[in-house]
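Accompanying notes for the structure given below.
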């Protein structure tokens, strides 16, 4: 493979891993728990910024052309862990204020507004993260090894893949456990879940924070690779892209979320890369968004469960010889008969 | 269902006691000074015409509605400020008037979701994996299956609860409530919208549960069911209690007749 | 002090624009019970229609009418062809948020595709400055305020003095009950979307008239402030929206002289958060905002 092609492929692979992490995080919040996190991209952004300003040297370095807080020059993995912490704290703050038994659509809209305002605030308050220019020259964790840049990118693919695998394992364990079942109960009927002893408010806040942590870490992984991060990377419509991925791929299950991640952010973006430039420069981009919007509507209408639907959980049959207790043979409740 | 879980510790004090409950919505007094006790054992009926405030009163007892005045005591403990899920943990469980099954969970999962003390039911427990919670899960699956068999629904365990008939959904809700090992079960019109034959079946199950020692408080409209199951009966109208006692006495009460004719 | 009075003037202009926009937005919520997140983008589209008319030499004040008509038609179509079908299917309120957001993005990007990423300006004469003491406003700004007041009075009269208005309020309060009283709720719904859509279109055009230029995202950024106003006044309550517009319009302009002008939206957002924390149902609303 030529080096140009390799750079392309590695970039694609890293983005795939990061997008899958983001989709698993949103799936845990939305698909499993029924949380409506319309500020999702904000958490990935918070993670990216935090990882960046933890990895960058003091702002006076590099000629001092950009302003930002911190600048501690920390190595990996502190950067990504710090990112996760920032995501968790932000989620806690936002969650405590907005997850307060508002109507579900109010809640979603408030989160959306938070996301929009955050973009404005960060763009205008330059000393924080260098405003709309964003932060750049973020060091790659493998810089210290002094290897060929091509080798460096492949090493990073490995890093991203490990992060993605760990996230998948975590998400699977949560989803397929009694805890995951409680979350789904909350999703299905909050009042009934509370009536059987679930602390609904606490569970929702918990998953909001967990999702925020994973989203932030995905941002941390991404920024280490691409080396820069600016408000244009996390405008509010990006949240809709992740939602589209989860809805199209299949909500409530992690395989579906991964499929969605590969189809929407990755394949879709790549498909248009090779189209010729026609019309005004924004046309292709604009068309992408129109198609995404149409896909969302189409799936919500025709196939809301997505490409890979949530599977029905069937439990293994009772061991032979197990004693099915004293059965009361009352009249059967169903036309087809359930009692034997 | 082990009977010993369902009997209150001290049979002389009332299991549930509500005192001077008030609940106002806007200018309307939905519940206007309601006080009554529910003794351990048996099914207490809460009846009255539409708009009498029965569902509001039940909602206050369950913790879903906040009263504007009054107290609720459960087993000698003031639970007026407790959240719904905390009351469920104490053994006070309710069912709902409108079907409240978890539709996209299977019948078996509906029951399992209600199980308390499941080590896998926390984030950390989940992360530790099946090795940590697998044994408890197998035990609870067996318990749930026993319950399903008792209620004649063992063939439906892998069916999505949302695909069941109305009567079957009611049963799932009752079974789910039983999984929480309740000491007092609040039933909000369990027969509403159910075919009369099925209603009689549900009534039989409730009788069985009563005979096994489960205490229940039930709102019900169908007076023949109330007659069959409930003793004593508390009659509400326009937010107040207008009569209480055995069904036989109460049905001849002048105020009660008036309320049902007018209300 | 002079700065304060001048900011007061700007605040009144902003409040005027907000009033038109927020009343339309809140009416749509009142009748259909969804938060139409495509509202801001429809405003941009209407502003664009007026721009095109303007390019053909038509005076921008006539363009307001064009924008209004476009807004009315587009909104009725949006409800009939997209929102209603999804609602009839039983889509949850949250699902509707996704639908309306997707529609908004679609409209925004269609505009982007047609017009390109540049900013557009109206060819208009702002008119001479009018002074009243320290208060300085251009003729066109006063014109906007006049239009706004006229629109508010018209809506108020429509809702309270006409049979149609009563039918609208009844359908918004309790559709099944209204139907059983013989009110044609689907006709009424169309009318509400047409009227609110017209307000949306007019608001879009006057918004741009006040800021002189716009891009494809102008409307959606303004939506944040509209939502703040609607929530403050109580969603579904037109009177509340008018009051909310006054409060937010003045607050953001006056606040902007204390903090930098680029943070105006942040002030609106702070108001929104405050309202949701303290009184989610808004100042005037009787409806409950909690589940």
By my count, strands (runs of 3 or more DSSP E) wholly in segment B:3-113 with at least 2 residues that are away from every other protein chain (no Cβ under 14 Å) and more than 17 Å from the chain's Cα centre (by Cα) are B:16-25, B:28-38, B:69-74
In segment A:26-59, residues that are closer than 21 Å to residue A:109 by Cβ and in a helix (DSSP H, G or I) total 11
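Quick grid of which residues meet (1) more than 22 Å from residue A:180 (Cα to Cα); (2) touching a strand residue (DSSP E or B) at 6+ places or on another chain (Cβ under 9 Å):
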site: B:131; (1), (2): no, no
site: B:134; (1), (2): no, no
site: B:139; (1), (2): no, no
site: B:144; (1), (2): no, no
site: B:170; (1), (2): yes, no
site: B:189; (1), (2): yes, yes
The residue from B:197, B:212 that alone is within 19 Å of residue B:92 (Cα to Cα), more than 15 Å from the chain's Cα centre (by Cα) and surrounded by fewer than 20 Cβ atoms within 10 Å (Cβ to Cβ) is B:212
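Of everything in segment A:66-121, what is within 14 Å of chain C (Cβ to nearest Cβ) and part of a loop (DSSP other than H, G, I, E, B)? Give them in sequence order.
Passing the criteria: A:99, A:100, A:101, A:103.
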The condition of being surrounded by 13 or more Cβ atoms within 10 Å (Cβ to Cβ), touching a residue at least 60 places away in the same chain (Cβ under 8 Å) and in contact with a helix residue (DSSP H, G or I) (Cβ under 8 Å, 6 or more places away or on another chain) holds, among C:104, C:95, C:113, C:165, only for C:104
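Could you check segment A:171-181 and list, in sequence order, the residues that are at the interface with chain B (Cβ under 7 Å from one of its Cβ atoms) and either buried (at least 21 other Cβ atoms within 10 Å of the Cβ) or in contact (Cβ under 8 Å) with a residue 24 or more places away in the chain (or both)?
Within segment A:171-181, A:174, A:177, A:178, A:179, A:180, A:181 meet the criteria.
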Q: Report whether or not residue A:56 is in contact (Cβ under 8 Å) with a residue 12 or more places away in the chain, more than 9 Å from chain C (Cβ to nearest Cβ) and in contact with a strand residue (DSSP E or B) (Cβ under 9 Å, 6 or more places away or on another chain).
A: yes
Exception for residue C:154 within (1) in contact with a helix residue (DSSP H, G or I) (Cβ under 8 Å, 6 or more places away or on another chain); (2) farther than 29 Å from residue C:4 by Cβ; (3) loosely packed, with under 13 Cβ neighbours inside 10 Å falls at (1)
Of A:87, A:82, the only residue that is surrounded by 24 or more Cβ atoms within 10 Å (Cβ to Cβ), modelled with pLDDT of 85 or more and touching a helix residue (DSSP H, G or I) at 6+ places or on another chain (Cβ under 8 Å) is A:87
*Can you confirm whether segment A:214-231 contains a residue that is surrounded by 24 or more Cβ atoms within 10 Å (Cβ to Cβ), within 13 Å of chain B (Cβ to nearest Cβ) and in a helix (DSSP H, G or I)?*
yes
Across segment B:114-138, the tally of residues that are touching a residue at least 40 places away in the same chain (Cβ under 8 Å) and either within 7 Å of chain A (Cβ to nearest Cβ) or more than 27 Å from residue B:164 (Cβ to Cβ) (or both) stands at 2
Of the residues in segment B:247-263, those that are modelled with pLDDT of 70 or more and part of a loop (DSSP other than H, G, I, E, B) number 3
Residues that are more than 14 Å from chain A (Cβ to nearest Cβ), modelled with pLDDT of 85 or more and in a helix (DSSP H, G or I): does segment B:229-246 have at least one? yes
Residue pairs qualifying under the 6 Å Cβ cut-off, at least six apart or on distinct chains, with the first in segment C:63-75 being closer than 14 Å to residue C:191 by Cβ and the second being surrounded by fewer than 20 Cβ atoms within 10 Å (Cβ to Cβ), are C:72/C:194
Checked against (1) in contact with a helix residue (DSSP H, G or I) (Cβ under 8 Å, 6 or more places away or on another chain); (2) more than 14 Å from every other protein chain (Cβ to nearest Cβ); (3) over 22 Å from residue C:23 (Cβ atoms); (4) surrounded by 15 or more Cβ atoms within 10 Å (Cβ to Cβ), residue C:128 satisfies every condition except (4)
Residues of segment A:269-293 being modelled with pLDDT of 75 or more and facing another protein chain (nearest Cβ under 7 Å), in sequence order, are A:282, A:283, A:286, A:287, A:289, A:290, A:293
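Report yes if some residue within segment B:180-197 is in a helix (DSSP H, G or I), at pLDDT 90 or above and at the interface with chain A (Cβ under 9 Å from one of its Cβ atoms); otherwise report no.
First, the residues of segment B:180-197 that are in a helix (DSSP H, G or I): B:196-197.
Those still in the list that are at pLDDT 90 or above too: none.
No, segment B:180-197 contains no residue that is in a helix (DSSP H, G or I), at pLDDT 90 or above and at the interface with chain A (Cβ under 9 Å from one of its Cβ atoms).
The values are calculated or read from the model by the stated rules, or taken from the named source; none is laboratory data. This is a predicted model, so every value here is computed, not measured. In this analysis, Cβ positions are derived from the backbone assuming ideal geometry, glycine residues included, and neighbour counts consider all displayed protein chains.
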